[in-house]
1. About its Cα centre, what dipole magnitude does the range 1-106 give when the only charges are +1 on Lys and Arg Cβ and -1 on Asp and Glu Cβ, stated in debye to the nearest 20?
2. Got a sec? How would Leu69, Leu220 order by Cβ neighbour count within 10 Å, fewest to most?
3. Please work out whether the range 9-74 counts as rounded, prolate or oblate from its C-alpha gyration tensor, where a ≥ b ≥ c are the square roots of the eigenvalues and a/c under 1.5 means rounded, while otherwise a/b larger than b/c means prolate and anything else oblate?
4. Take every DSSP beta bridge whose two residues both sit in the chain, then give the antiparallel share in percent to the nearest 5.
5. Between the range 70-121 and the range 186-205, what is the C-alpha centre distance in whole Å?
6. Given the peptides 144-150, 35-41, arrange them by the average over their residues of other C-beta atoms within 10 Å, most packed first.
7. Output ³J(HN,Hα) for the range 156-162: one whole-Hz value per residue in order, computed from phi by the Karplus curve 6.51 cos²θ - 1.76 cosθ + 1.60 with θ = phi - 60°, and x for Gly and Pro.
8. Taking the Cα centre of the range 168-211 as the origin and placing charges on Cβ (Lys, Arg +1; Asp, Glu -1), which of Ala196, Leu175, Thr185 is farthest toward the positive end of the dipole?
Amino acid sequence: MPAALLEVEDLSVAYGRISALDGVDLVVPDGSVVALLGPNGAGKSTLLKAVAGLVPPIAGRVVLAGESLEGVPAHCRADLGVCLIPEGRGIFPSLTVADNLDVALSSHDEGMRRVVDYFPVLGERRAQLAGTLSGGEQQMLALARAVGAQPRLLMADELSLGLAPLLVRTIAETLERVHEEESRTILLVEQYATLALRLADLVYILNRGRLVWAGEPDELRASKVLVESYLGG
Ligand SMILES: Nc1ncnc2c1ncn2[C@@H]1O[C@H](COP(=O)(O)OP(=O)(O)OP(=O)(O)O)[C@@H](O)[C@H]1O
Ligand SMILES: [Mg+2]
């Protein structure tokens with residue numbers, strides 16, 4: 001087992017009096033793909049936001065490569081290589097595709113080359129306003145920004161949401177490539193498990209703010225009860 005890049009320890013988050021995460025432990029080994037699954041409202045997005053520093057925990061901690069991130073603000077976590085593609089994409093609709101990429105890329109020329117290599121369609125549409133891209137193209141742009149930033153930990157929240165099956169496959173293939181060619185560590189949140197199970201080395205299931213299961217994709221697929229209870233299968 002490789003060293004842990006990310007350790008989430010006994011993490012609890014509340015919004016006012018409503019508990020969203022309750023004592024969650026989770027490990028993302030360096031170089032792995034980890035899927036975080038679970039029904040609506042389970043706390044998946046909250047967990048990613050807590051790792052990114054966008055919501056404060058009321059208890060527990062987040063550790064990156066052995067260092068606690070307690071008190072480290074979101075922008076500094078981004079500088080440390082923690083990158084979140086949020087639900088709803090997080091792109092700037094009134095900027096062009098090229099400007100959206102510019103804001104995110106660590107090194108312009110190298111970053112652009114990689115982005116165009118992964119996403120030729122974005123190269124063709126550099127001058128177009130991001131808000132006028134199709135939903136699927138916007139999702140690609142969000143992924144391109146993240147890939148171009150060369151993060152240590154790439155977190156993606158429901159990347160496949162609302163996309164046609166062909167595009168979901170393209171996204172899955174891109175993530176696979178990023179993982180294999182660049183050994184990126186990826187933490188994926190998906191409500192629909194197929195894409196995540198295809199990519200993941202390790203799966204965690206959250207339900208109502210608690211971790212209810214952790215294991216390998218094959219074990220999960222083999223468990224009718226788990227699939228029916230938590231994955232709507
Ligand atoms: N800003 C907020 N204020 C109050 N409650 C919130 C807020 N954000 C999330 N919650 C609540 O916290 C719980 C967990 O929400 P979260 O968005 O993390 O779930 P999720 O697993 O990502 O769900 P989904 O699959 O629907 O995206 C839910 O009950 C939600 O209503
Ligand atoms: Mg969510």
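We did not get these values from a lab; they are worked out from the coordinates using the rules stated. Quick caveat: nothing in here was measured; it's all calculated off a predicted structure. With ideal geometry, Cβ positions are generated from the backbone for all residues, glycine too; neighbour counts draw on all protein chains shown.
1. Charge dipole of the range 1-106: 340 debye, to the nearest 20.
2. Values: Leu69 20, Leu220 23.
Exposure proxy ranking, most exposed first: Leu69, Leu220.
3. Working: a/c = 1.89, a/b = 1.17, b/c = 1.62.
In terms of gyration-tensor shape, oblate.
4. Working: 21 of 38 bridges.
Within the chain, antiparallel bridges account for around 55 percent of the total.
5. One Cα centre to the other: 22 Å.
6. Details: 144-150: 23.4, 35-41: 19.3.
The peptides rank, most packed first, as 144-150, 35-41.
7. 10, 9, 6, 4, 8, 4, x
8. Of the candidates, Ala196 comes out farthest on the positive side.
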